[in-house]
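Enquirer: Here it is, the structure in full.
The values are calculated or read from the model by the stated rules, or taken from the named source; none is laboratory data. As the structure is a prediction and not an experimental result, all values here were calculated from the model. Neighbour counts are summed over all protein chains in view; Cβ atoms, including those assigned to glycine, are modelled from backbone coordinates with ideal geometry. Please note that ligands, DNA and RNA were not included when accessible areas were found on the heavy atoms of the full protein model with its side chains. Shrake-Rupley method; radii C 1.70, N 1.55, O 1.52, S 1.80 Å.
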Amino acid sequence: MECEPGDPVLRDRLYLNEGNGHFARSSPDTLPDVRDSGSATVAADFDRDGDLDPFVGGRSVPGKYPLIPRSRLFRNEGGVFADATDQVALEALKGIKTVSEIAREFEVHRVQVSQWKKEIQERLPEIFGPKPAFDEKKAERQEESLHQKIGQLTIEVDWLKKSASN
């Protein structure tokens, strides 16, 4: 399927078995509004509360193959699902437990836990690092360029209107 990253068509959907061989689509608020290209889904009770929590594997980022979006773990909270991926990654980042212990606890493969830990470690400087200074001259140049483009497009629209009326 061809679409842009974040396109609504990428949003996960959940179908519930009504017990008679018919599956009904659940309400849109049942799952978080995650718009990644997912692939395989596996369910397990990772938080040991008696209900199934789905894991959705990442497939590919639209238009950016071979990039892969993050895989996600959703915690079932009474039939409504919350993204618990960050919880697992933070446990790994704390370093109190081994990756294998965390993988066993959350019923996720240790390679996936390591990947999430690496991802969060790489993004920490982006989140907490120094922000680039505001470049006022650059902003003025961009604004001027946009005004020129608006003027050019206005002239083109006027010309097209005249051409169409003749």
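Enquirer: At 0.36 nm per residue, and after removing the present C-alpha to C-alpha distance, how many nm does the segment from SER60 to GLU18 gain when stretched out fully?
Expert: Gain on stretching SER60 to GLU18: 12.0 nm.
Enquirer: Multiply the residue separation of ASP83 and SER165 by 0.36 nm, subtract the distance between their alpha-carbon atoms, and state the gained length in nm to one decimal.
Expert: This chain segment gains 24.0 nm when fully extended.
Enquirer: Determine the share of the chain's accessible area contributed by carbon and sulfur atoms, expressed in whole percent, with a 1.4 angstrom probe.
Expert: 55 percent
Enquirer: Moving to a separate point now. Given a 10 angstrom Cα cut-off, can you work out which residue in ALA82, ALA139, ALA92 is the most mobile in a GNM of the chain?
Expert: Between ALA82, ALA139, ALA92, it is ALA139 that shows the largest mean-square fluctuation.
Enquirer: Per residue, how much accessible area does the chain have with a 1.4 Å probe, in Å²?
Expert: Dividing the accessible area of the chain by its residue count gives 73 Å².
Enquirer: Relative to the Cα centre, what is the charge dipole magnitude of the chain, using +1 at the beta carbon of each Lys and Arg, -1 at the beta carbon of each Asp and Glu, and rounding to the nearest 20 debye?
Expert: 520 debye
Enquirer: Another one. Using Cα pairs under 8 angstrom and six or more residues apart, how large is the relative contact order of the chain, in percent?
Expert: Relative contact order here is 13 percent.
Enquirer: Let me ask something additional. Compute log10 of I(q)/I(0) for the range 39-156 with the Debye formula, placing one identical point scatterer on every Cα and leaving out solvent, at q = 0.11, 0.21 Å⁻¹, to two decimals.
Expert: -0.57, -1.18
Enquirer: Per DSSP H run of at least 4 residues, take -39500 (n - 2.57); add these up for the chain, divide by its residues and hand me the 222 nm value, nearest 500 deg cm²/dmol.
Expert: -13500 deg cm²/dmol
Enquirer: Determine the sum of side-chain charges near PRO32: Lys and Arg each +1, Asp and Glu each -1, restricted to other residues whose C-beta is under 15 angstrom from that of PRO32.
Expert: Overall, the nearby charge balance is -2.
Enquirer: Provide the FRET efficiency to the nearest 0.05 for the CYS3-VAL111 pair, computing r from the beta carbons and using R0 = 30 Å.
Expert: Approximately 0.60, to the nearest 0.05.
Enquirer: In what sequence, largest accessible area first, do TRP116, TRP159 appear using a 1.4 Å probe?
Expert: Highest to lowest solvent-accessible surface, that is TRP159, TRP116.
Enquirer: Where is the GNM fluctuation largest for the chain (alpha-carbon springs, 10 angstrom cutoff): VAL99, VAL80, VAL88?
Expert: In this elastic network of the chain, the residue with the biggest mean-square fluctuation among VAL99, VAL80, VAL88 is VAL80.
Enquirer: I would also like to ask the following. Using every alpha carbon pair in the range 84-149, what percent of pairs falls into each 10 Å bin from 0 up to the bin containing the largest distance?
Expert: 19, 31, 14, 13, 15, 7
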